[in-house]
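Peer 1: Pasting in a structure now, in structure tokens, and then I'll have a few things to ask.
The values are calculated or read from the model by the stated rules, or taken from the named source; none is laboratory data. Everything quoted here is computed from the prediction, not taken from an experiment. Protein only, heavy atoms only, side chains kept; ligands, DNA and RNA dropped before computing areas. Shrake-Rupley method; radii C 1.70, N 1.55, O 1.52, S 1.80 Å.
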Amino acid sequence: MSTLEVSNLNDGTTTVATTYITNGSAKSWINYKGTSTNAIMESLNMSSVTDNGTGDYTMTFSNAMATAEYSITDGTYRSSGSNSPGITGFESPTANNYIHNHWNSGISVSDMFRTYSQVNGDLA
């Protein structure tokens, strides 16, 4: 395999350091359907999601992160056609996965129609 090493990229107008691109790009993201038949709709670097029970999912990376000290950003909506907000939280991050929890606006555990997560950090 060949290796290409460059320190800057230029599109003809702007020059950007490659570290800006590699450090600033999401290392994983997912669009997940958590109701009825659970399914990964689209993803990058996500191998599977385990449904642990109502509103409780383990998201597993295809390629591990370097440590459990990464950043997770997410968004969710509770049901198709509903404007009720959903609340999410994360727990037990490891280099290989994290647990994603959901609650409805009444603070009851609830499956979410769709959830979106993005992970930033260093890959192993």
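Peer 1: At a 1.4 Å probe radius, carbon and sulfur cover how many percent of the accessible area of the stretch 1-45?
Peer 2: 54
Peer 1: Mind checking the per residue accessible area of the chain for me, 1.4 Å probe, whole number of Å²?
Peer 2: 59
Peer 1: Let me have the 222 nm mean residue ellipticity of the chain computed from DSSP H runs of 4+ only, each contributing -39500 (n - 2.57), with the sum over all residues rounded to the nearest 500.
Peer 2: One gets -1500 deg cm²/dmol as the mean residue ellipticity at 222 nm.
Peer 1: A further question follows. If you count only protein heavy atoms and use a 1.4 Å probe, how large is the accessible surface of Leu123, to the nearest 10 Å²?
Peer 2: 80
Peer 1: Sticking with this one: Restricted to Cα positions, what overall size does the chain have along the principal axes? Three whole-Å values, descending.
Peer 2: 50, 30, 23
Peer 1: On the full set of protein chains, 1.4 Å probe, figure out the accessible area of Glu42 and give it in Å² to the nearest 10.
Peer 2: 110
Peer 1: For Glu69, Glu91, what's the largest-to-smallest order of accessible area, 1.4 Å probe?
Peer 2: On the way: Glu69 160, Glu91 80 Å².
So the residues, ranked largest to smallest area, are Glu69, Glu91.
Peer 1: For Val16, tell me the accessible area in Å² from a 1.4 Å probe, rounded to the nearest 10.
Peer 2: Accessible surface of Val16 is approximately 50 Å².
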